[in-house]
1. Within the stretch A:448-477, can you find the residues that are among the β-branched types (Val, Ile, Thr) and modelled with pLDDT under 85?
2. For the stretch B:125-136, state whether one or more residues are touching a helix residue (DSSP H, G or I) at 6+ places or on another chain (Cβ under 6 Å), outside any helix (DSSP H, G or I), facing chain A (nearest Cβ under 8 Å) and of a type outside the set (Asp, Glu).
3. Only residues that are surrounded by fewer than 17 Cβ atoms within 10 Å (Cβ to Cβ), part of a strand (DSSP E or B) and under 32 Å from the mean Cα position of the chain (by Cα): list them for the stretch A:471-521, please.
4. Being over 18 Å from A:SER396 (Cα atoms) and assigned by TED's automatic domain parsing to the domain that holds A:LEU525 narrows it down to one residue among A:VAL432, A:VAL414; which is it?
5. Quick one: in the stretch A:34-45, which of the residues that are more than 11 Å from B:LEU88 (Cβ to Cβ) and surrounded by fewer than 21 Cβ atoms within 10 Å (Cβ to Cβ) is nearest to the other protein chains (Cβ to nearest Cβ)?
6. Every residue in the stretch B:137-159 that is within 9 Å of chain A (Cβ to nearest Cβ) and within 19 Å of the chain's Cα centre (by Cα), please.
7. When residues of the stretch B:16-71 are filtered for being exposed (fewer than 15 other Cβ atoms within 10 Å of the Cβ) and within 14 Å of A:PHE52 (Cβ to Cβ), how many remain?
Amino acid sequence: MTKPLSDKQIDQLIADYLAGSLSAADRPAFEAWLRSSPEHPRRVARLSMTGFCIREVCHDTKADYLLDALNQIDEASGPAQLVTLHNLNPSPWQRYRIHAVWGGTIAAALLLGMVLTAVLLPSSNAPNPQEIVENTPNKPAASTPPTPRGFTPIAIPVATLTATHQATWGGPASAAPAQGDTLTSNQRLTLTAGFAEITTNRGAIAILQAPATIELLNNGNALRLHAGKLVGKCDSDSSKGFTVHAPGIDVVDLGTVFGVAAGADVMTSVLVLDGSVTVHPESPAHIATEPVVLMKNHAVSIQPGTSVLQKLEVVQSHRGQRAGVELQNTIAREEFEALSDAVSSRQARWVSYQYGLTQDPALVVSSRRDPPQSSDARSGQGRWPSTSAYLLRGGSDHLVYESIEQTRSMTLSVWVRINALPEKQETLSALVVSDQWKVDRGAIAWQIVEKGNAIKFSLSPGNSDPSRLAAGDLVQDVADGLGLEQYQGEWIHLAVVYNEENSLVTHFLNGQPLQRQKMAFDSPLRPDRIQLGNWHGYASDPRGFNGSMDDFLMLRRAMTDEQMRELYRIGSANKAGASNTDSGN
Amino acid sequence: MTHPDPPDRLEYFTRLWVQNQRAVAAFIHMSLRDAHHAEDVLQEVAADASRNFGRYDPARPFAAWLIGIARQRLVDHYRKQERQRAQLSQDVLDLLDQSYAEVAEEVDDRLVALRKCMEKLPEHHKLLVNRRYGFDDPLADIAKSIGSNAKAVNAMLTRVRKLLADCVQQRMEATHD
């Protein structure tokens, strides 16, 4: 008699079958199992269906939006088509999705194609140019002038390739820029796949979506978009005036987020996501044209060489409902929003980095991974656009985590956005405090003090009656001169490292070591159960942290300065995401 | 019930196709697993269905009719790809085929359930699943980026898929209770 298969064996057989790797030896047993109950084939079907559904759900992502919206922008700025894939160089997943789109719409396309072709023929009634608003602000910095014959332009460093995501570049592989590379004036880059983020020396950010060709210009705050799509971001004073020269138009950023789409055979489109820009149409005869200010949600397109701006209606796109006449003269906001968020490849790297940390046996607590044992914090906006953080409102709000009974070395790291600092010099604002603070020898306290001018890391000598413990009994190190007040409302990174090997405590702010001092303690640290943002919430001893906390980490090892820099570099969200107003709702 | 007259018939077919194409796509994908082959067959089914729409009996569920066409197309496909089909005996394949058809018609409910289940995944699992199935990142690339190996990543994905399948099933059963 054949021995029944265990659940584990059955799972393995199903997995092998679904992966197409069922061996001939296993086939009889699998077939016998399938025949033995009508429920068994259903089980296989359900698992197989889950695989199909996962792909469906995963493809319903931001990147999918990009693809859909890219089709829309093509429809809006070029000849109308039901599905336009002519200017895509799709990656494998995109190809899959394109197939799915075709699969889903093929019959409709077959049947409706002729009708739509007739309906969508470009209208002979060209829309009236429409001036949007307002005054006549700065003229953009002049484009790069023609190069005199015999003169070789000097390559000046003007920008840095700060991030890429699945990026491939045109031209020889040896010339392809890598993340972190300095980019120079007159350098021409062709992105054939993926996304790339370029930060100019003056701090403006341009996020490119392939296929795109750009050229960096020599004033350090401008580039030329020959074709493709980019989102520009200017959120610092030094970067204001960032200029994108696109076919037929110059776009000058006045402190904002905007998108530009351009191509050889399509109209150039500009959409303002936030703030304002000025656009300067280029006239065919190089006669100065009136600049136009575009405010948030304004969009225009221009046929290069005409100097005629055409207002575009900003629409919310809906997947699967994008074929239609109404998309003429429209532009999809989501497309550019998604591209704007393409820096979230940073977010992906951070999540990936955190995942790597979860493999680190020294990781004790990760607030992203571990739910708190108890919490009365609310959920607020995280430092990434679509993530949440813990919002603590002072008072008694706090989070509790089980950590580790004892350790020799330790790293504490947290991203915070401070809403308010204690008003009194002597009032503490707790970041992390052991539940048994003062009671246990080696209990820890990491707190903001002196109205935000200092951070203190303390170890308790312990006393069964903590009231008998004087402040002078504590072993502590204070990093002062922080001036946290200036960072209120911004996401910042705080960390402290205790290295038992050399008895050094190092305080970090935004990845940089602030202070390093000896702090001898002759027994292990005993963090044990810890509280974030408070310590029991005693009315008589208020230590409530007022602000948001995100991605708290505790490791039972000392991170090096380099590792801390890396943590900050990878974990730092873009400023637009970091400065979101947090209502806490 | 009869078919509307053209041109309303075109609109009628289009509407039915849009409503049901995911079920037939699921059925084909389950039967074939190779995404590119599955899309080829799906397009053949779409073309067949539009050509033969006059034969469709509106009293029958449209998804079942499409799955019937898909079965014929799959047989044609299997003829060309004999090795793949030879994995299991015909009677067992018939059992699976029947289950696939049943489950395929639930695809929309299952997608709703799966979205909810995926929301509950830890972030690193979400990232893993999205990288693998959303971006088709090779196992080796994922493994390298997280300091693991492809086999371990594959094992983790298998576990996550199983978790999701169980979660979806629980939700489906709860819905039907």
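1. Scanning the stretch A:448-477 gives a single hit, A:VAL475.
2. Taking every residue of the stretch B:125-136 in turn, at least one turns out to be touching a helix residue (DSSP H, G or I) at 6+ places or on another chain (Cβ under 6 Å), outside any helix (DSSP H, G or I), facing chain A (nearest Cβ under 8 Å) and of a type outside the set (Asp, Glu).
3. If the condition is that a residue be surrounded by fewer than 17 Cβ atoms within 10 Å (Cβ to Cβ), part of a strand (DSSP E or B) and under 32 Å from the mean Cα position of the chain (by Cα), then A:ASP480, A:GLN512, A:PRO513 are the ones that fit.
4. A:VAL414
5. For the stretch A:34-45, the residue satisfying everything is A:ARG42.
6. Hit for the stretch B:137-159 is B:THR158, nothing else.
7. Residues in the stretch B:16-71 being exposed (fewer than 15 other Cβ atoms within 10 Å of the Cβ) and within 14 Å of A:PHE52 (Cβ to Cβ): 1 in total.
Per-residue answers, yes or no, for (1) more than 16 Å from the chain's Cα centre (by Cα); (2) polar (S, T, N, Q); (3) outside any strand (DSSP E or B):
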{"position": "A:HIS165", "(1), (2), (3)": "no, no, no"}
{"position": "A:THR168", "(1), (2), (3)": "yes, yes, no"}
{"position": "A:GLY171", "(1), (2), (3)": "yes, no, yes"}
{"position": "A:LEU191", "(1), (2), (3)": "yes, no, no"}
{"position": "A:GLY194", "(1), (2), (3)": "no, no, no"}
{"position": "A:ASN219", "(1), (2), (3)": "yes, yes, yes"}
{"position": "A:ARG224", "(1), (2), (3)": "yes, no, no"}
{"position": "A:LYS229", "(1), (2), (3)": "yes, no, no"}
{"position": "A:GLY232", "(1), (2), (3)": "no, no, no"}
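The values are calculated or read from the model by the stated rules, or taken from the named source; none is laboratory data. If you're wondering where the values come from, they're calculated on a predicted model, not measured in any experiment. All Cβ positions, even for glycine, are placed from backbone atoms using ideal geometry, and neighbour counts span all protein chains on display.
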